[in-house]
1. Kindly indicate whether A329 is surrounded by fewer than 16 Cβ atoms within 10 Å (Cβ to Cβ) and either in a helix (DSSP H, G or I) or not aliphatic (A, V, I, L, M) (or both).
2. Of these, T45, T49, which one is outside the structural domain of R233 (by TED's automatic domain parsing) and in contact (Cβ under 8 Å) with a residue 40 or more places away in the chain?
3. Right, I165: modelled with pLDDT of 90 or more and assigned to a loop (DSSP other than H, G, I, E, B) or not?
4. Let me spell it out: the conditions are (1) part of a helix (DSSP H, G or I); (2) surrounded by fewer than 20 Cβ atoms within 10 Å (Cβ to Cβ), and I38 meets all of them except one. Which number is the exception?
5. Checking the conditions here, which among S76, S96 is buried (at least 22 other Cβ atoms within 10 Å of the Cβ), closer than 30 Å to C244 by Cα, touching a strand residue (DSSP E or B) at 6+ places or on another chain (Cβ under 8 Å) and hydroxyl-bearing (S, T, Y)?
6. Can you tell me which residues in region 293-316 are in a loop (DSSP other than H, G, I, E, B) and over 23 Å from the mean Cα position of the chain (by Cα)?
7. Could you list, in sequence order, all residues of region 238-256 that are surrounded by 21 or more Cβ atoms within 10 Å (Cβ to Cβ) and in a helix (DSSP H, G or I)?
8. How about region 48-145: which helices (runs of 4 or more DSSP H) wholly inside it have at least 1 residues that are of a type in the set (D, E, K, R)?
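The values are calculated or read from the model by the stated rules, or taken from the named source; none is laboratory data. Note that the structure is predicted; figures quoted are calculated from it, not measured. Cβ placement follows ideal geometry from the backbone for every residue including glycine, while neighbour counts extend to all protein chains displayed.
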Amino acid sequence: MDVLIVSLGSTAGLRAADAELRDSLVRAGASAAVVAAIEPPQTRTLMLTDLAWARAARRSAQQGIERHSPRAIVYSSTTAALLWPRTGAIRFDAPSAGNRPGRHGLWQRPLERRRLAHAPLLLPWSDGALAEAGLSAVERDRALVLPIAVEPSGPLEPVRDIAAITYAANPSKKGLDRVLAAWRGLSKENGAKIQGELVVAGASVAELKAAGIDIERERDVRLAGPLLQADYRALVRRARVFVCAPRREDYGIAQLEALADGCILVTTPAPGPYAALPIARELDPRLVTDDLQAALHAALAEPSHDYELRARERLRPFSRDAIDRLVAAELLARLLADG
C-alpha cells in the first residue's frame with residue numbers, strides 16, 4: 001500500500017474529508033486506504049476525551065500498518081498523531097495550541113509540538129491553521145497547505161423555500177443561542193414580513209437541552225436533527241441563507257458547503273483558522289458582524305447582486321479538480337519520498 005490514512009473520524013466532516021483525500025490519492029495513481037478509530041466512550045473533560053481518541057487512533061494505526069504495510073502514513077488531525085506507533089505526515093484543521101487553551105490542553109499541547117517537529121510532512125487545511133501552529137521557518141518548509149475539497153451537492157433548487165439554515169452540532173461552540181436570539185429579534189421586528197423558517201440541523205433535542213436550549217419555544221424554527229449528509233445538503237440547497245455565530249471556528253466546512261450550494265453566508269467573526277471568513281467578507285461585508293440580526297435582515301431583504309456566482313468563483317481553489325492537481329503534482333511525491 002502506498003498511503004495509509006489514519007482517520008480520527010470524530011465528526012461527519014472529518015470522515016468525509018478523509019474519504020476525499022483517499023479518493024484523490026487514488027485518482028493520482030496511488031494505492032490508498034483509510035483506517036478509522038473506533039469511537040471511545042464519552043468522558044467528562046477535553047483532556048480525557050483527547051486521550052481516549054488518541055489511544056483509539058493508535059490501535060487503528062497499528063492494525064492498518066500490520067494489514068497494509070504502507071509506504072507512507074497520513075494522520076488525520078494532531079490528536080490522531082499524539083500516540084502514533086510510527087512517524088507520518090499530519091493533516092490538521094487546527095492545532096491544540098489554538099483550540100485547547102489553558103487546562104483543556106495541558107498534556108496535548110507539548111506532545112503535539114513534538115509530533116509536529118518530528119513529522120516528515122505537515123498538511124494544514126488552511127494558511128490560518130499553519131499560522132496558528134506557531135512553526136519555525138524551517139518547520140514551515142515541511143508544510144503543504146491542503147484544503148478540503150468542496151463541491152456543489154446537486155442542482156440548485158429553482159425555489160428556495162427555507163429562509164435560513166444553521167448547523168448546530170456542538171451547539172455551544174457553534175453559537176446556536178446567538179443565532180436563535182438574532183432570529184427571535186428579527187421575527188419580532190418584522191413579523192409577517194419574514195418569509196419562511198429557520199431550520200436547525202445537526203443536533204438532537206437532547207443535545208440542545210443539555211446546552212440549555214429549548215428549541216420548542218422558538219417561533220418559526222424547525223429542528224431537523226442529525227441527518228445523513230445527502231439529506232442535510234438537500235436542505236441547504238433549499239435555503240436562502242446559512243447563518244452561524246461560532247465562538248471559535250477551526251475551519252468551517254459547513255459554511256463552505258453552504259456557499260457551494262448557493263446560500264448567502266451570514267456569520268459573526270470568530271477566532272481560529274476560519275477559512276470561510278475572508279470569503280464571506282469579500283462577498284458582502286455587511287453580513288460578517290456581531291450584529292447578527294441586522295445581517296440576517298440584510299441577507300433576506302436586500303441580498304447582494306450576483307452573490308451566488310461570485311461565491312462559486314471564489315471557491316475554485318477548493319474544488320475537487322484543484323485539490324486533485326495539488327495531490328498529483330506535489331503531495332504524492334512528497335509523501336512517498338518522506339515515507
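1. Yes: the conditions hold for A329.
2. T45
3. The answer is no for I165.
4. (1)
5. Step by step, each of S76, S96 is checked, and only S76 is buried (at least 22 other Cβ atoms within 10 Å of the Cβ), closer than 30 Å to C244 by Cα, touching a strand residue (DSSP E or B) at 6+ places or on another chain (Cβ under 8 Å) and hydroxyl-bearing (S, T, Y).
6. Within region 293-316, E302, P303, S304, H305, D306 qualify.
7. I253, A254, Q255, L256
8. Where helices (runs of 4 or more DSSP H) fall fully within region 48-145 and carry at least 1 residues being of a type in the set (D, E, K, R), they are 108-118, 127-132, 137-140.
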